[in-house]
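Working notes, structure below.
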Amino acid sequence: MSKKTIVSFKLNGAAIDVMVEPRELLIHTLREKLSITGPHIGCETSHCGACTVDIDGASVKSCTVLTVQCEGAELLTIEGFAKGGVLHPLQEGFTQEHGLQCGFCTPGMITRAYRLLQENPNPTEEEIRFWMAGNLCRCTGYQNIVKAIQYAAAKMRGETVTTSHPLMAEISA
Amino acid sequence: MDQNVENHERLEKLEGIGCSRKRREDPRFIQGKGNYVDDIKLPGMLFAVMVRSPYAHAKIKSIDTTKAKAHPGVHAVLTADDLKPLKLHWMPTLAGDVQAVLADGYVSFQNQEVAFVVADDRYVAADAAELVEVDYEELPVVVDPFKALLPDAPVIRPDLDGKNVGAHGARKHHNHIFNWQIGDKDKTDRAFSDAEVTVAQDMHYPRVHPCPLETCGSVASYDAIRGDLTVWITSQAPHVVRTVVGLLSSIPESKIRIISPDIGGGFGNKVGVYPGYVCAIVASIVLGRPVKWIESRSENLTTTAFARDYWMSGELAADKSGKIKALRVNVTADHGAFDACADPTKWPAGMFHVCTGSYDIPNAHVSVDGVYTNKFPGGVSYRCSFRVTEAVYLVERMIDVLAQKLNIDKAEIRKRNFIKYEQFPYLTPLGLEFDSGNYMPALEKVLEAVDYNALRAEQAQKRADPTCPTLMGIGITTFTEIVGAGPSKSCDILGIGMFDSCEIRVHPDGSAIARMGTISQGQGHQTTYAQIIASESGIAASQIAVEEGDTSTAPYGLGTYGSRSTPVAGAAVARASRKIREKARKIAAHLLEVSPDDLEFDLDQFKVKGDPAKAKTMKEIAWAAYNNVPDGMEMGLEAVDYYDPPNFTFPFGAYLCVVDVHKKTGETKVRRFYALDDCGTRINPMIIEGQIHGGLTEGFAVAMGQELPYDEQGNVLGGTLMDYFLPTSMETPHWETDFTVTPSPHHPIGAKGVAESPHVGSIPCFSNAMVDAFAHLGTTHFNMPYNSYRVWQHAKSLGL
Ligand code: FES
Ligand code: FES
């Protein structure tokens, strides 16, 4: 076992000091030492994006970064999205547009989509598909994820939004 | 208030069958508060890593664990020798075979489990795994099932030496597992000799993997003082796991609690019991501490349960008009080193005999041989019912081969052979009774929606133009699935009938809790089961908590796979709800001082016939159930139902796919995919659409890129996400969905199950489109997956 070091960073707005081995990956520190279990492990080889977090304004696959590299950084994970019991428009969009099924990819998806909407508040479907290509989903086929992101983008631009799945569409009284 | 408006409002509040109710599961998932197996953390928990064989076939001369055990932070290193005294070095499979938990003197596939290292954390465990020294002596390898059956082929299973009879009858060779036949061979052979036309086609359905985004894993926690074993496990069938663990450990089932927490996708991968689970349990018992084992992505892709690997030869006999007279199929099924297929006990090829499809084929015969090879075990149903994907693939490809031979349009030949609406219930020549179907309107709706004639005209134009850089292919499938296993007279697992169950308790305030024997892996059971209860019992869905996955609280059930949750558990839910409703009727009658027959049920209340102002709501009735019931009635409002379905259900669909294939590069674009599904009664249209998108995307993945190939040394070549194709948002096509509704006549609410049809139906649709692109050049078939390289090779072989 190698010597441990203390790393300090901001996580969802709170100051954190954590002791890690230099070889420890950020995803393991988050999940096992800091009880941040929203980001998931789908591959540990940078392919799936389930572990996506936002570090200093960039999407990062946290299975591919060492915790010691985060010294002084600002980290945002899915746990930091809802504020005061109010969901982030992306979280609302994913529910309203049925952008998730098993939910395993969802924290990474939302975190990645957040970065996209920061850079491009009005993306086309093509741009969304391009931006989200580093995040795999095995359940949804992406179509409703695209819609969920469009829903959130519209809401964040201040437009009125409605679900494309009205409750009673197939029912008449 | 206008009666209609009022009704509408009450219906809206109820959120019953037919509503696109938003999912109750979502709030925890979108906030990172899901509870998946790797999120579980117990005091004193240790972490385990598996040591695996680098060789596909080798004798183990020795295993030295001294260094690993001496490594700081290591608590145990288990090998087969440690499991032997407990008789746990081998375990039974669901297919009647046995599988080594830890290699017992030899390994027979690459990455086979050899030793289990338990340490303080995952880093220490991984370090120590490197220190386990195994001395192997390599043996000759066979990865081809046909070569495995040659007389001098290496013996893959020395433990079966001298056993000429396996779980499914006679074995004709040391690497042969079973031969299974169904249908009338003589009649079928005669139909072939008398036929005006016959066609034959060989095809390989490659070895693939369901690859859910979450890998498999478990946390075992044995309480030595109480003698209780609790295991959190990524399982699609927690009760079956409990029974297996009980059998293996001789701990009574009452002392075993299996919990399936949130599951990050299953698709068939999470049905079986894997060596890692067993080792984690043993380690926890031995060490008296909780032990977590989570497999890596490569372990998942190369050890826990592949799907398919069927080598199929199909033949059709027909008359000149294209009317099919007989189907003959021979299959060589590569099962890998242990037969760990998840199939009902009596059917070693699952429900492959649904292979006569949506067509009125009078004669059929099927023969399947299972074979051992030096590949990892499995044979699970990847988003389908047992072997149904293979069956549907075969018949949907064969009918196209016949169409090409006779020069009949591929939509037309299907119409000529459909089982007609009036023919249901329809008994197939292979002994299945299709309960319902209405194929012609479904196909016609699709053809019209895409303007089929215009597409064929465009294709003809492109074929005539030698300068056109692309080939256009149109694929059609009109498939019938068989799901909802199943009637206990024909389906059991380990001797347990494939029923399912539901228990509902209504609380005094009119809210309720329902528990089932199934387990959601993303299908949204918490949402949809509540909708069924709402419609059937009048309790608003928002007032119903749905629980599943914990064997200590849920009634016994066979789990979720093969689209059985809606057809089987959904029926139990409906029937339990009806029991609640009938008891509620009696209580209401008592409260209103009328006879139960004078009452009618209206959404959420009982009303006196002819005097609708006199009514009792379910909320009022629930309260009365705990203080004012009729004389002689037990207090409370509860119901349990164990549902043994009388038959399977038969969802169907009509799909159409248009591809453009680049002649020079083989690159393929799916221009259009139109999917019409008929799953009977639609419980939640939003969730159905989501399931269909997901199934189509997995079908696209299988057809266009997924395979787990092996080299001659038995190295698996698709074992990482670098090599194994999972489509991203960029490649995934845009899906168009549509539906018809033909309810199942024997299901309490007419529902049939949906999640798997799009997978089963889309794969042959892609194949049919790809072949159709080359059909004018004489191609009748080429094997999946259609990655650009393979397609380019095919184009080149045709001189393009
Ligand atoms: S776990 Fe990090 S990309 Fe898959
Ligand atoms: S919702 Fe299951 S992987 Fe995306």
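The values are calculated or read from the model by the stated rules, or taken from the named source; none is laboratory data. In this text the structure is predicted, and so the values were computed from the model without any measurement. Positions of Cβ are generated from backbone atoms using ideal geometry, with glycine treated the same way; all protein chains shown enter the neighbour counts.
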Worksheet item: What is the one condition in (1) surrounded by fewer than 22 Cβ atoms within 10 Å (Cβ to Cβ); (2) in a helix (DSSP H, G or I); (3) within 16 Å of ligand 2 (Cβ to nearest atom) that A:Glu32 does not satisfy?
Response: (3)
Item to complete: Could you tell me which numbered condition B:Pro685 fails, if it satisfies all but one of (1) more than 16 Å from ligand 1 (Cβ to nearest atom); (2) within 20 Å of the chain's Cα centre (by Cα); (3) of a type outside the set (Lys, Arg); (4) closer than 23 Å to A:Asn144 by Cα?
Response: (2)
Worksheet entry | Selection within segment A:81-106 - away from ligand 2 (no atom under 14 Å from the Cβ), part of a loop (DSSP other than H, G, I, E, B) and buried (at least 20 other Cβ atoms within 10 Å of the Cβ) | A:Phe81, A:His88
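Kindly provide the set of residues from segment B:717-752 that are more than 16 Å from ligand 1 (Cβ to nearest atom), in contact (Cβ under 8 Å) with a residue 60 or more places away in the chain and within 12 Å of chain A (Cβ to nearest Cβ), ordered by number.
Step one: of segment B:717-752, the residues more than 16 Å from ligand 1 (Cβ to nearest atom) are B:717-718, B:730-752.
Of the ones still in play, those that are also in contact (Cβ under 8 Å) with a residue 60 or more places away in the chain are B:718, B:733-752.
The answer is B:Pro733, B:His734, B:Trp735, B:Glu736, B:Thr737, B:Phe739, B:Val741.
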Worksheet item: What number goes with the only condition from (1) in contact with a strand residue (DSSP E or B) (Cβ under 8 Å, 6 or more places away or on another chain); (2) under 26 Å from B:Ser20 (Cα atoms); (3) of a type in the set (Val, Ile, Thr) that A:Val60 does not pass?
Response: (2)
Worksheet entry | Single residue of B:Ile580, B:Ile539 found to be crowded, with 24+ Cβ neighbours inside 10 Å and in a helix (DSSP H, G or I) | B:Ile580
Worksheet item: Any residue at all in segment B:330-346 that is touching a Cys at 6+ places or on another chain (Cβ under 7 Å) and either small (Gly, Ala, Ser) or away from ligand 1 (no atom under 16 Å from the Cβ) (or both)?
Response: yes
Response to the item:
If we keep only residues of segment A:76-94 that are of a type in the set (A, V, I, L, M) and in contact with a helix residue (DSSP H, G or I) (Cβ under 8 Å, 6 or more places away or on another chain), then the residue nearest to the other protein chains (Cβ to nearest Cβ) is A:Ile78
Item to complete: Kindly indicate which of B:Asn407, B:Asn438 is within 25 Å of the chain's Cα centre (by Cα) and farther than 28 Å from B:Lys185 by Cβ.
Response: B:Asn438
Worksheet item: In segment B:59-71, is there at least one residue being in contact with a Gly (Cβ under 9 Å, 6 or more places away or on another chain), over 24 Å from B:Val124 (Cβ atoms) and within 14 Å of chain A (Cβ to nearest Cβ)?
Response: no
Discussion item. Could you check segment B:9-42 and list, in sequence order, the residues that are surrounded by fewer than 20 Cβ atoms within 10 Å (Cβ to Cβ) and more than 7 Å from chain A (Cβ to nearest Cβ)?
Written reply: B:Glu9, B:Arg10, B:Lys13, B:Arg24, B:Pro27, B:Arg28, B:Lys33, B:Asn35, B:Ile40, B:Lys41, B:Leu42
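Name every residue in segment B:239-283 that is within 16 Å of the chain's Cα centre (by Cα) and more than 14 Å from chain A (Cβ to nearest Cβ), in order of residue number.
Hits for segment B:239-283 are B:Val240, B:Val271, B:Gly272, B:Val273.
Would you point out which residue out of A:Glu97, A:Glu79, A:Glu74 is under 23 Å from B:Ser20 (Cα atoms) and charged (D, E, K, R)?
From the options A:Glu97, A:Glu79, A:Glu74, the qualifying one is A:Glu97.
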Fill in: Hits in segment A:118-169 - residues which are basic (Lys, Arg), at the interface with chain B (Cβ under 8 Å from one of its Cβ atoms) and part of a loop (DSSP other than H, G, I, E, B)
A:Arg138
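Given the residues A:Gly42, A:Gly141, A:Gly38, which is the only one that is at pLDDT 95 or above, at positive phi and touching a Leu at 6+ places or on another chain (Cβ under 9 Å)?
Exactly one of A:Gly42, A:Gly141, A:Gly38 is at pLDDT 95 or above, at positive phi and touching a Leu at 6+ places or on another chain (Cβ under 9 Å), namely A:Gly141.
Please tell me if B:Ile688 is under 24 Å from B:Tyr393 (Cβ atoms), of a type in the set (A, V, I, L, M, F, W, C) and within 14 Å of another protein chain (Cβ to nearest Cβ).
yes
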Worksheet item: Which of the residues spanning segment B:751-800 are closer than 20 Å to B:Arg207 by Cβ and part of a loop (DSSP other than H, G, I, E, B)?
Response: B:Glu756, B:His781, B:Phe782, B:Asn783, B:Met784, B:Pro785, B:Tyr786, B:Asn787
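From the residues in segment A:45-62 that are away from ligand 2 (no atom under 16 Å from the Cβ) and within 11 Å of chain B (Cβ to nearest Cβ), which one is surrounded by the most Cβ atoms within 10 Å (Cβ to Cβ)?
For segment A:45-62, the residue satisfying everything is A:Val53.
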Item to complete: Report, by residue number, each residue of segment B:321-353 that is more than 18 Å from B:Asp202 (Cα to Cα) and acidic (Asp, Glu).
Response: B:Asp339, B:Asp343
Worksheet item: Among the residues of segment A:95-117, which ones are of a type outside the set (S, T, N, Q) and within 7 Å of another protein chain (Cβ to nearest Cβ)?
Response: A:His98, A:Leu100, A:Cys102, A:Gly103, A:Phe104, A:Cys105, A:Pro107, A:Ile110
Item to complete: Return the only residue of B:Gly714, B:Gly695 being over 27 Å from A:Gly134 (Cβ atoms) and touching a residue at least 24 places away in the same chain (Cβ under 8 Å).
Response: B:Gly714
Worksheet item: Name the pairs whose Cβ atoms lie under 8 Å apart, with the first residue in segment A:53-76 and outside the structural domain of A:Asn135 (by TED's automatic domain parsing) and outside any loop (DSSP other than H, G, I, E, B), the second among the small types (Gly, Ala, Ser) and within 16 Å of ligand 2 (Cβ to nearest atom), and 6 or more positions between them or separate chains?
Response: A:Ser59/A:Gly134; A:Lys61/A:Gly49; A:Lys61/A:Gly134
Practice prompt. Test each condition in (1) among the acidic types (Asp, Glu); (2) within 15 Å of ligand 1 (Cβ to nearest atom); (3) over 13 Å from the mean Cα position of the chain (by Cα) for A:Asp54 and report the one that comes out false.
Written response: (3)
Worksheet item: Do we have any residue at all in segment B:616-638 that's modelled with pLDDT under 95, assigned to a strand (DSSP E or B), in the same structural domain as B:Thr518 (by TED's automatic domain parsing) and not aromatic (Phe, Trp, Tyr)?
Response: no
Discussion item. Taking the criterion of being aliphatic (A, V, I, L, M) and buried (at least 24 other Cβ atoms within 10 Å of the Cβ), would at least one residue in segment B:777-798 satisfy it?
Written reply: yes
